[in-house]
Amino acid sequence: MYGWIWRRLPGGTATKAAIALVIVHAVDALLLFVVFPWVEPRLPFNDVTVDR
Amino acid sequence: MADPDGDLGTDQRRDRAPRPAPRDPLWRVLVRGIGELLVTAGLIVLLFVVYEVYVTDLLNGRAQDQLAEQVHDQWGATAATPREDLVEPAVGRPLAVLHIPRLGEDYSRVILEGVSEDQLSQGPGHYVGTALPGQQGNLAIAGHRVGKGSPFLDADQLVPGDPIVVETAQNWYVYRVLGDAATGDYTADPSGIPGQQIVRPTEVSVIAPTPGAADPALTGAYLTLTTCHPKYSARQRLIVHAVLDGGPISKVDAPAGPPALSGG
């Protein structure tokens, strides 16, 4: 999977590394600010209230 | 030079010409793919832990700063009114500011009205319909144990007699954790209400007007904190009960807070 992506990135090693870094950060940001905030309320370990 | 055994020298020379790399057998591609997926899944779970423990704190800190500003603006506008009008605010609006010296010298959190995740991700939430600060009944507040600013992370360290101070537009209200301050016995209060208990999540009687009692009659001004227990779990609830100690202290008389806030 990672090898496949690496081979498809354009340019030499330096360019590939730079693009890979940008992709990693984009995925991180997507997870931290979009995916996790959406997933979290659906997980069971955040209940702090008492209710029926 | 053509060596039938194909020695190293010959191979190297032949490799200079571009030649398609031999394809890996399918099983290797599959195993590698699965391995990479598992490593990726592990990294995502780790990142989620970082999110829960650090990023939500960051976001919550920002939300609390805004709320503190909002509440002080609001109070500034109503400061001229002589008597406090105790009105339950709309869900999602700030209600009061909570100070718990045991949890940190300058521990202060804006309490919002409502206990859904929308409110709890910003700060401790007031159970709708329970008592307001200083009123007879039970001022019940829920808050996160871990993450979202972790307002009640160390709520288990509150001992009998510890002040829990609620600040409103006009007044300070000092509640004290129930129990015997001398021995640290949580169950010593004559009312039978413990200062701390761990209950099942369905135990709604802890936020009843008189904690633990089925009878809705008002017998005193209590404060109850609820949070999850044990840490990182939602199996049980940690409950802290406190009772109002004395009447309201006007902010005009004590602009910097009651003595209880500074170790009294």
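The values are calculated or read from the model by the stated rules, or taken from the named source; none is laboratory data. Quantities reported herein were computed from a predicted structural model and do not represent experimental measurements. All Cβ positions, glycine included, derive from the backbone under ideal geometry; neighbour counts span all protein chains shown. SASA here: full protein model, heavy atoms, side chains in, ligands and nucleic acids out. Shrake-Rupley method; radii C 1.70, N 1.55, O 1.52, S 1.80 Å.
Condition first: in contact (Cβ under 8 Å) with a residue 40 or more places away in the chain and surrounded by fewer than 23 Cβ atoms within 10 Å (Cβ to Cβ). Now tell me which residues in the stretch B:100-121 satisfy that.
Of everything in the stretch B:100-121, those that are in contact (Cβ under 8 Å) with a residue 40 or more places away in the chain and surrounded by fewer than 23 Cβ atoms within 10 Å (Cβ to Cβ) turn out to be B:PRO101, B:ARG102, B:LEU103, B:SER108, B:SER121.
Do you know which residues across the stretch B:179-193 are under 20 Å from B:GLN136 (Cβ atoms) and either within 14 Å of another protein chain (Cβ to nearest Cβ) or surrounded by 20 or more Cβ atoms within 10 Å (Cβ to Cβ) (or both)?
B:ILE193
Can you tell me which residues in the stretch A:25-34 are more than 8 Å from every other protein chain (Cβ to nearest Cβ) and open to solvent by less than 50 Å² (accessible area, probe 1.4 Å)?
A:ALA29
Counting just the residues of the stretch B:110-140 that are in contact with a strand residue (DSSP E or B) (Cβ under 8 Å, 6 or more places away or on another chain) and among the small types (Gly, Ala, Ser), which one comes out nearest to B:SER191 (Cα to Cα)?
Checking each candidate, the answer is B:GLY137.
Name the single residue, out of those in the stretch B:207-232 being within 14 Å of chain A (Cβ to nearest Cβ) and either without any contact (Cβ under 8 Å) to a residue 60 or more places away in the chain or assigned to a strand (DSSP E or B) (or both), that is farthest from B:GLU52 (Cα to Cα). It would help to see each step written out before you state the result.
Taking the stretch B:207-232 and keeping what is within 14 Å of chain A (Cβ to nearest Cβ), we get B:207-208, B:211-212, B:224-232.
Among the residues that remain, those that are also either without any contact (Cβ under 8 Å) to a residue 60 or more places away in the chain or assigned to a strand (DSSP E or B) (or both) are: B:212, B:224-230.
Values: B:GLY212: 33, B:THR224: 25, B:LEU225: 22, B:THR226: 20, B:THR227: 16, B:CYS228: 15, B:HIS229: 16, B:PRO230: 16 Å.
It comes out as B:GLY212.
Residues in the stretch B:53-66: is at least one open to solvent by 10 Å² or more (accessible area, probe 1.4 Å), within 14 Å of another protein chain (Cβ to nearest Cβ), touching a residue at least 24 places away in the same chain (Cβ under 8 Å) and basic (Lys, Arg)?
Checked against the condition, which is being open to solvent by 10 Å² or more (accessible area, probe 1.4 Å), within 14 Å of another protein chain (Cβ to nearest Cβ), touching a residue at least 24 places away in the same chain (Cβ under 8 Å) and basic (Lys, Arg), the stretch B:53-66 yields no hits at all.
Would you confirm whether or not the stretch A:41-51 contains a residue that is among the polar types (S, T, N, Q) and either more than 8 Å from chain B (Cβ to nearest Cβ) or touching a residue at least 24 places away in the same chain (Cβ under 8 Å) (or both)?
Among the residues of the stretch A:41-51, not one is among the polar types (S, T, N, Q) and either more than 8 Å from chain B (Cβ to nearest Cβ) or touching a residue at least 24 places away in the same chain (Cβ under 8 Å) (or both), which makes the answer no.
Do we have A:LEU43 as closer than 30 Å to B:HIS229 by Cβ and touching a helix residue (DSSP H, G or I) at 6+ places or on another chain (Cβ under 9 Å) here?
Taking the combined requirement at face value, the residue does not satisfy it.
Considering the stretch B:23-49 alone, what residues qualify as being within 30 Å of B:PRO151 (Cα to Cα) and facing chain A (nearest Cβ under 8 Å)?
B:ILE44, B:LEU47, B:PHE48
Of the conditions (1) buried (at least 23 other Cβ atoms within 10 Å of the Cβ); (2) under 25 Å from B:TRP75 (Cβ atoms); (3) basic (Lys, Arg), B:ARG176 fails just one. Which one is it?
B:ARG176 satisfies all of (1) buried (at least 23 other Cβ atoms within 10 Å of the Cβ); (2) under 25 Å from B:TRP75 (Cβ atoms); (3) basic (Lys, Arg) except (1).
Find all pairs meeting these conditions: Cβ atoms under 7 angstrom apart; at least six residues apart or on different chains; first residue within the stretch A:1-24 and more than 14 Å from chain B (Cβ to nearest Cβ) and assigned to a helix (DSSP H, G or I); second residue open to solvent by 80 Å² or more (accessible area, probe 1.4 Å) and at pLDDT 90 or above.
Close Cβ pairs (under 7 Å, with a partner that is open to solvent by 80 Å² or more (accessible area, probe 1.4 Å) and at pLDDT 90 or above) amount to A:LYS16/A:TRP6.
Tell me yes or no: at least one residue of the stretch A:8-24 is over 18 Å from B:ALA41 (Cα atoms), surrounded by 13 or more Cβ atoms within 10 Å (Cβ to Cβ) and touching a strand residue (DSSP E or B) at 6+ places or on another chain (Cβ under 7 Å).
No, every residue in the stretch A:8-24 fails to be over 18 Å from B:ALA41 (Cα atoms), surrounded by 13 or more Cβ atoms within 10 Å (Cβ to Cβ) and touching a strand residue (DSSP E or B) at 6+ places or on another chain (Cβ under 7 Å).
Can you spot a residue in the stretch B:246-262 that is outside any loop (DSSP other than H, G, I, E, B), surrounded by fewer than 17 Cβ atoms within 10 Å (Cβ to Cβ) and modelled with pLDDT of 90 or more?
no
Mind checking whether some residue in the stretch B:150-159 is closer than 30 Å to B:VAL49 by Cα, touching a His at 6+ places or on another chain (Cβ under 9 Å) and acidic (Asp, Glu)?
Scanning the stretch B:150-159, I find at least one residue that is closer than 30 Å to B:VAL49 by Cα, touching a His at 6+ places or on another chain (Cβ under 9 Å) and acidic (Asp, Glu), so the answer is yes.
Mind checking whether some residue in the stretch B:141-157 is open to solvent by less than 10 Å² (accessible area, probe 1.4 Å), touching a Ser or Thr at 6+ places or on another chain (Cβ under 9 Å), assigned to a helix (DSSP H, G or I) and within 14 Å of chain A (Cβ to nearest Cβ)?
Scanning the stretch B:141-157, I find at least one residue that is open to solvent by less than 10 Å² (accessible area, probe 1.4 Å), touching a Ser or Thr at 6+ places or on another chain (Cβ under 9 Å), assigned to a helix (DSSP H, G or I) and within 14 Å of chain A (Cβ to nearest Cβ), so the answer is yes.
Out of the helices (runs of 4 or more DSSP H) lying entirely within the stretch B:1-87, which hold 3 or more residues that are modelled with pLDDT of 90 or more?
B:26-50, B:56-78
Can you pull out every residue in the stretch B:194-206 that is surrounded by fewer than 17 Cβ atoms within 10 Å (Cβ to Cβ), outside any loop (DSSP other than H, G, I, E, B) and touching an Asp or Glu at 6+ places or on another chain (Cβ under 8 Å)?
B:VAL204
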